[in-house]
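Working notes, beginning with the structure itself.
The values are calculated or read from the model by the stated rules, or taken from the named source; none is laboratory data. This structure is a prediction, so every number in the text was calculated from the model and none was measured. All Cβ positions, glycine included, derive from the backbone under ideal geometry; neighbour counts span all protein chains shown.
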Amino acid sequence: MAITFLKRASKTPATGEDDTRAIVNTMLSEIEQGGEERAKKYALELDNFSAQTVLTAEDIQKASDSLSQAIKDDIQFSYDRVRGFAEAQLASMKSFDVELSPGLFAGQRLIPVNSAGCYVPGGRYAHIASAVMSVTTAKVAGVKNVVVCSPPNRNYNGAHPAIIYTANLCGADHILNMGGVQGVAALAFGLFTGNPADVIVGPGNRFVAEAKRILFGRVGIDLFAGPTEVAVIADHTADPEIVASDLIGQAEHGPDSPAWLISTSREVAEAAIARAPYYISRLPEPNRTAAESAWRDYGEVVLVDTVEEAVTASDGYAPEHLEVHAENLDWWLDNLSNYGSLFLGEETTVSYGDKCSGTNHILPTKGAARYTGGLSVGKFIKTVTWQRMTKEANKSVGGASSRISRLEGMEGHALSGDDRLHKYFPDEEFTLEHK
């Protein structure tokens, strides 16, 4: 295999994790002990915010009134497509029952969690689309209580009006002016609402991601998320201008957002590298500095000889977002395995998926796409099992259960089966252990 790096990253997505973990552990512990007052103190210290935490109906209406109809129409466009895709996901899941052997019936039920917490970033950027992705999906899944938290925006003395409007449109039951670790803690511990989350979802910075990771187990989470990632596979047919545009377009998320290019064409790869500075320069601040740092420290360009090598390289990265600018798109769809979401052909782009085209943008990072997909209705639904059995079925199941239990040394388990067999069939003899 011939793989050549035309550009290597000096940092990895794991850079700086230890320091983050220590800070977040301390904050979560203090908030759990100090409750709402400690959370509000952190909001004051970190966000200089001391106004009302829980939004009222009047606050929501005020936010709605501040938006133009054109903005509302675009948010509705996004909502309709994300909801449509989520409804199709839900339709693909089903409850069932089956008779596994005579008299032994088993099945599964799909039960939504009772409460979900949705984190919607609003610090550097107002992530309106994240409200659509998280709240809509939870509500389609059937979650009764959805709590949204979003960082206060210094220009509005609270969460961004468009985030408030969107969260309400999509069905949020409570909206909190709170972000960062204190926001995640509020969701987990049920602060301000009395509704502790069963599941917490949504993207965020490294502190938000670490808070979710630490809390996992006490609550469910969508996935272990880190900085946004993008990879582009490009062959000789790719337009290096569009390739460079898409790489830098995602790098603006933050200074630690990886952007990877895998190409079978040296000409395309080198042209994309050459054009990256231009696409960085046209961004406004602070986007420009973020993209410049991300491309410098986390950008990589890999040159490969064959499409098979490109697949191997891409699956090794397991990127959050993966674009394919190449011939024979169906071949790539059939052969690529590790990605959060796949964008086939120049005509689509990660940006469309991020904002409004329908698929969810809350996706796995840091290689997690090797074992999980992104947020779906299934994240809010428990798949639980049940069984029912006739007395007659106990003859086969009870005997096998008792023998296996005794082979394992678990006599109590064995006796549970024995007692039923003796009750239901007092005149019959059974072989209850291996000879």
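Going by what's in this entry, would LYS144 be described as surrounded by fewer than 16 Cβ atoms within 10 Å (Cβ to Cβ), farther than 30 Å from GLU392 by Cα, in contact with a strand residue (DSSP E or B) (Cβ under 8 Å, 6 or more places away or on another chain) and of a type in the set (Lys, Arg)?
Working: surrounded by fewer than 16 Cβ atoms within 10 Å (Cβ to Cβ): yes; farther than 30 Å from GLU392 by Cα: yes; in contact with a strand residue (DSSP E or B) (Cβ under 8 Å, 6 or more places away or on another chain): yes; of a type in the set (Lys, Arg): yes.
The answer is yes for LYS144.
Number of residues in the range 362-387 that are closer than 20 Å to VAL208 by Cβ, touching a helix residue (DSSP H, G or I) at 6+ places or on another chain (Cβ under 7 Å) and of a type outside the set (A, V, I, L, M): the value is 1. In this structure, is ALA271 part of a helix (DSSP H, G or I) and out of contact with any Phe, Trp or Tyr (no Cβ under 8 Å at 6 or more places or on another chain)? It is true that ALA271 is part of a helix (DSSP H, G or I) and out of contact with any Phe, Trp or Tyr (no Cβ under 8 Å at 6 or more places or on another chain).
If only one of ALA188, ALA197, ALA116 is in a strand (DSSP E or B), within 17 Å of the chain's Cα centre (by Cα) and either modelled with pLDDT of 95 or more or closer than 25 Å to GLU36 by Cα (or both), which one is it? Only one candidate qualifies: ALA116. Screening the range 203-248 for residues that are of a type in the set (S, T, N, Q) and under 22 Å from THR372 (Cβ atoms) and picking the one that is modelled with the highest pLDDT gives THR228. I'm checking my understanding of the structure. Among residues of the range 324-338 that are part of a loop (DSSP other than H, G, I, E, B) and either over 14 Å from ASP235 (Cβ atoms) or of a type in the set (A, V, I, L, M, F, W, C) (or both), which one is nearest to the chain's Cα centre (by Cα)? The qualifying residue nearest to the chain's Cα centre (by Cα) is ASN338.
Annotation note: of ASP246, ASP256, the sole residue that is over 17 Å from PHE343 (Cβ atoms), assigned by TED's automatic domain parsing to the domain that holds VAL301 and of a type in the set (Asp, Glu) is ASP256.
Looking at LEU191, LEU176, can you tell me which residue is surrounded by 24 or more Cβ atoms within 10 Å (Cβ to Cβ), in contact with a Gly (Cβ under 8 Å, 6 or more places away or on another chain) and either farther than 18 Å from HIS127 by Cβ or not assigned by TED's automatic domain parsing to the domain that holds ALA141 (or both)? Walk me through it before giving the result.
Values: LEU176 fails: either farther than 18 Å from HIS127 by Cβ or not assigned by TED's automatic domain parsing to the domain that holds ALA141 (or both).
Of LEU191, LEU176, the one residue that is surrounded by 24 or more Cβ atoms within 10 Å (Cβ to Cβ), in contact with a Gly (Cβ under 8 Å, 6 or more places away or on another chain) and either farther than 18 Å from HIS127 by Cβ or not assigned by TED's automatic domain parsing to the domain that holds ALA141 (or both) is LEU191.
If you go through the range 397-423 and keep only what is surrounded by 15 or more Cβ atoms within 10 Å (Cβ to Cβ) and among the hydroxyl-bearing types (Ser, Thr, Tyr), you end up with SER401, SER402, SER405. Checking each residue of the range 312-321 against the condition of being surrounded by 23 or more Cβ atoms within 10 Å (Cβ to Cβ) and not in a loop (DSSP other than H, G, I, E, B) gives at least one match. Restricting attention to the range 235-265, the residues that are farther than 12 Å from VAL350 by Cα and either without any contact (Cβ under 8 Å) to a residue 40 or more places away in the chain or in a loop (DSSP other than H, G, I, E, B) (or both) total 17.
From the list THR372, THR348, the lone residue that is in a loop (DSSP other than H, G, I, E, B) and over 24 Å from ARG206 (Cβ atoms) is THR348. Of the residues making up the range 147-171, just one is assigned to a strand (DSSP E or B) and surrounded by fewer than 24 Cβ atoms within 10 Å (Cβ to Cβ), namely ASN153. Here the condition is being part of a strand (DSSP E or B) and within 24 Å of VAL132 (Cβ to Cβ); of GLY226, GLY220, it holds for GLY220 alone.
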